[in-house]
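Each remark here refers to the structure printed beneath this line.
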Protein chains: 2
Amino acid sequence: MAHLWTLLLLKQSLTMILEDAVKKATDVRQKVCEWHSPEELKELLDLELRDSGEPEARILERCRDAIRYSVKTTHPHFFNQLYAGLEPYSLVASFITDALKPSLYTYEMSPVFTLMENAVLRKLIQTVGWEEGGDGLFNAGGSMSNMYALNLARYRHFPEIKELGNSAAPRLAVFTSQECHYSISKAAALMGIGTKNVFVVPSDKRGKMTPSALEEQIESVKSEGGVPFMVNATAGTTVLGAFDPIDEIADICEKNKLWLHVDACWGGAVLMSNKHKLLMKGIHRVDSVSWNPHKMLMACLQCSAFLVRDKTHLLQRCHSARASYLFQQDKFYDLSYDTGDKSVQCSRKPDAFKFWLMWKALGTSELEQRVDRALTMARYLADEITKREGFRLVMEPEYANVCFWYIPPSLRDLPDGPEFQEKLHNVAPVVKERMMKKGSMMVGYQPHRGQANFFRMVVISPQVSRQDMDFVLDEIHSLGKDL
Amino acid sequence: MAHLWTLLLLKQSLTMILEDAVKKATDVRQKVCEWHSPEELKELLDLELRDSGEPEARILERCRDAIRYSVKTTHPHFFNQLYAGLEPYSLVASFITDALKPSLYTYEMSPVFTLMENAVLRKLIQTVGWEEGGDGLFNAGGSMSNMYALNLARYRHFPEIKELGNSAAPRLAVFTSQECHYSISKAAALMGIGTKNVFVVPSDKRGKMTPSALEEQIESVKSEGGVPFMVNATAGTTVLGAFDPIDEIADICEKNKLWLHVDACWGGAVLMSNKHKLLMKGIHRVDSVSWNPHKMLMACLQCSAFLVRDKTHLLQRCHSARASYLFQQDKFYDLSYDTGDKSVQCSRKPDAFKFWLMWKALGTSELEQRVDRALTMARYLADEITKREGFRLVMEPEYANVCFWYIPPSLRDLPDGPEFQEKLHNVAPVVKERMMKKGSMMVGYQPHRGQANFFRMVVISPQVSRQDMDFVLDEIHSLGKDL
């Protein structure tokens, strides 16, 4: 049995974690971050690893410091990424996972989590609307899920590539919008497809892929001897939160016999909402979907589902290596429960559990309400931006991304033109620096399509209120009004 | 601030987790697993996700059940995989990570964990013996680290592949031993290299790659128009725990200008031991190393380091996509601390922290002692096997894998031959089934190189004693003596 001191150490640490990393970290009166430069922080942390160990009390101090100087992503004023907030049930599942250290190779190793993953996948597949079912896996992040889609699409078109490699195949081409996530391009590089064979389809003003442009590009690639095999549509783009028109893209893919993948890592949550699911109209027609419940649905990091409509074990056939020390064929149970060979990973964490437990606790109805509530809040923020002097929307939001410029008083009378744009471009980085150093909030910004830097607010957590939205705008003004 | 009920829920859950998933799970008097068939377990767990949520007390019950029916990988009688045992400091770091939900894209998002990762990588690089330093990253598992090695090696030889894909390059060839991990082949499939371009080099009787055979294969591939670009050597093979002769392989790689990667996911721990590090003689000469501290060094799952000797930002150049919304170039701090673009993942967990904290607490000296102790224990087990009637070593161990057959009394008088081998082959699966159903322990078995199924014992945890080793042998006899 674990030594008594082990249990005492864990008990003490957990008390501290609850106090510092949960209670304080989510307290709106506390800082989101305590900024230090890398040089300062190195000194504060004493990072060096030495021959002798340190006493327990010192280690607890170090834990306290690690928490203190970390960004509080569960803080109500953290809006910097596409995830935020604290979901207590999911956190409990994380804690259990850590203590048990399971790994999802085989049913005998992870009976409970194998079945839970299966149950969550089935429910997600049902939500997507594939009436005949499908297959899937939880992955270490959405980038990996998107890579799986590319690999399955390639394998369906050219199964011989698995053995012979890309040099035995024609030049393959994948299509995705200019607003898509960078993981498509990273995957193409890694997979030997090549980033130049990722054809970037223009999007319209709202950030949605233009179907006619997609059709033209497919024709043009074909005429140059390239072989189209997949289209990636995005449901909820990273910056603008735009939804590509899946139904129209599906028509084009059917016509051209192309695999249609939807990167719904960020936007998939609308499928939980009867009010908003039309944003993904046509999703039941696609071949595969990436969907990260750790984003809008607030499961703990990481929780990334990859879903595929195929029912012919494509996932298994595409990825399997049949290691005999793990996937013995003379076992005493139904081997279809050994899911490990579907994955490119060997050890794999039971991330589905973090979603399963919160879903059990909240029910589908509460998940739906959360999504609706977040989008209402985004709407409120956009309205406030429209009303306030010195704020300007980049566009009307249709999802939870609210993109806007803050125009300091000194720029308000300048006519739009290169000088104004250049000055405006410098505002967001300075405001960001000031909010970080003050620790009052974290909101992202970026340049985008040649436009001046703008803020991207992302509204997720049900713990966030209208007051918090007002705070963000007040604070940006207060930090930037002298610029 | 988190609601009071959230804190109460977490407190209650943590008390339960400490009791059930730590104390009970590591209690030798408890079962390692409580076996149920998938059908039975589905009923016990009530997996369905419904519209309405469930009350908190019911959710706590569900947590208790999830723990109860899970395999206890921290139990002293769990020897089924290449990881085991409970490392309390590392577990504390896991808990902190879960509560804080950090992600390692940028310094501003994860200041503490970026610096800690850096500190651990530098220390590991020093341990490997790259005097001029190097670069690296923690990954979601060793399979991904091995894939990174393939990608860097390919990129160094043919940087144009990143843009143009493999079809613009000659047929690339990678070499690895017949005993290597299956991730090499999975990576080759995914990366468009093709599994048939993974050339399997024979190993000697002890499972070590035969350097002369490697040389012959390289020549033969070249003569057929293939282009060798990488050799993967294994330090600590999965089944036998064999170490490929790195120094001799490095000579061959230097001569042929090939990237030399060492998959030391399992065996890397010997580098901590002055007594045993000779097993990896020549490691300072290689180009890259995969090393999983979550295996022999007992960091919590997952903790997988990828190290590369290159100092020209190869990792960054090979993997970067320069997403402008994440890696803005007008930030107010030194951008070299934004490590996210070195990775193929987007969200990435701060796994180095789990190793950093335990290393701080234990010191290098204690880590060394643990490795030495585990290998002494493996030696003890091998000696016992040699002494006992009915047990036969597959080979003398040089690392922590002890491979052996159990020969039930009924087979002991049979002459070696097809009949004996066939009967022997059926012993391990039945013993395994019985131990699972009894829940007394978990030990792996596999067929290997045409040999009858044998057990593979893996000794890791310092919580394991000679008594536990004796127990394993007694229990196997007791479960299998009637066969």
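The values are calculated or read from the model by the stated rules, or taken from the named source; none is laboratory data. These numbers come from a predicted model, not from an experiment. In this analysis, Cβ positions are derived from the backbone assuming ideal geometry, glycine residues included, and neighbour counts consider all displayed protein chains. Calculation scope for accessible area: heavy atoms of the full protein, side chains included, ligands and nucleic acids excluded. Shrake-Rupley method; radii C 1.70, N 1.55, O 1.52, S 1.80 Å.
Distance between the C-alpha centers of segment B:353-410 and segment B:245-286? Whole Å please.
21
When the expected Rg is taken as 2.2 N^0.38 Å, what fraction or multiple of it is the alpha-carbon Rg of segment B:274-409?
Against the compact-globule rule of thumb, the ratio is 1.50.
What is the antiparallel percent of DSSP beta bridges lying wholly in the protein assembly as shown, to the nearest 5?
55
Using a probe radius of 1.4 Å on protein heavy atoms only, what is the accessible area buried between chains A and B, both sides summed, to the nearest 100 Å²?
So the total buried area for this chain pair works out to about 13800 Å².
Does chain A classify as rounded, prolate or oblate by the C-alpha gyration tensor (a ≥ b ≥ c root eigenvalues; a/c under 1.5 gives rounded; else a/b over b/c gives prolate, otherwise oblate)?
Verdict is oblate for chain A.
In debye, nearest 20, what is the charge dipole magnitude of segment A:103-349 about its Cα centre with +1 on Lys and Arg Cβ and -1 on Asp and Glu Cβ, if you could check?
It works out to roughly 400 debye.
Kirkwood hydrodynamic radius of the protein assembly as shown from all distinct Cα pairs, in Å?
After inverting the mean inverse Cα-Cα distance, the result is 28.7 Å.
Tell me the accessible surface of A:Trp35 in square angstrom (1.4 angstrom probe, heavy atoms of protein chains only), to the nearest ten.
40
Starting from the coordinates of the alpha-carbon atoms of segment A:103-349, obtain the Kirkwood hydrodynamic radius over all distinct pairs and give the value in Å to one decimal.
Result for segment A:103-349, one decimal place: 18.4 Å.
Nearest 5 percent is fine: what portion of the DSSP beta bridges confined to chain B is antiparallel?
55
Please report the spacing between the Cα centers of segment B:1-23 and segment A:106-126 in Å, no decimals.
About 25 Å separates the Cα centre of segment B:1-23 from the one of segment A:106-126.
Using a 1.4 angstrom probe on the protein heavy atoms only, could you order B:Glu433, B:Glu19 from most to least accessible area?
Sorted by accessible area, descending: B:Glu19, B:Glu433.
So what does A:Ile252 come to for accessible area, using a 1.4 Å probe and Å² rounded to 10?
For A:Ile252, solvent-accessible area is about 10 Å².
Nearest-to-axis residue of chain A, judged by Cβ, for the A-to-B rotation, with distance in whole Å?
A:Gly192, 1
Given +1 on the Cβ of Lys and Arg, -1 on the Cβ of Asp and Glu, and no further charges, what dipole in debye does chain A carry about its Cα centre, rounded to the nearest 20?
That gives chain A a dipole magnitude of about 320 debye.
Of all the accessible heavy-atom surface of chain A, with the other protein chains kept in place and a 1.4 Å probe, what percent is carbon and sulfur?
Roughly 50 percent of what the probe reaches on chain A is carbon or sulfur.
Given a 1.4 Å probe, how much area per residue of segment A:1-113 is accessible, in Å²?
On a per-residue basis, 34 Å².
Among B:Leu91, B:Ser145, B:Leu124, whose Cα sits farthest toward the positive end of the charge dipole of segment B:80-146 (+1 at Cβ of Lys/Arg, -1 at Cβ of Asp/Glu, about the Cα centre)?
After comparing all options, I get B:Leu91.
Between copies, how far does the label point of A:Glu366 sit from its twins, in nm, shortest first, when each point is 7 Å from Cα along Cα→Cβ?
Counterpart label points of A:Glu366 in the remaining copies fall at 4.0 nm.
Counting each DSSP H run of 4 or more residues in chain A as -39500 (n - 2.57), what helix-only mean residue ellipticity at 222 nm follows after dividing by all residues, to the nearest 500 deg cm²/dmol?
-12500 deg cm²/dmol
Which distances, shortest first and in nm, link B:Lys11 to the matching position in the other copies, using label points set 7 Å out along Cα to C-beta?
With the label placed 7 Å along Cα→Cβ, B:Lys11 yields 1.5 nm.
Could you tell me what percent of the DSSP beta bridges with both partners in segment A:103-349 are antiparallel, to the nearest 5?
40
What number do you get for segment B:53-196 when its Cα radius of gyration is normalised by 2.2 N^0.38 Å, N = residues?
1.44
Please compute the net charge surrounding B:Ser320, taking Lys and Arg as +1 and Asp and Glu as -1 over other residues with Cβ under 12 Å from its Cβ.
That works out to +3.
Relative to the other copies, what are the label-point distances for A:Lys255, with labels 7 Å from Cα along the C-beta vector, expressed in nm at one decimal and sorted shortest first?
6.0
Based only on Cα atoms, what Rg/Rh ratio does segment B:360-480 have, Rh being taken as Kirkwood's radius?
1.02
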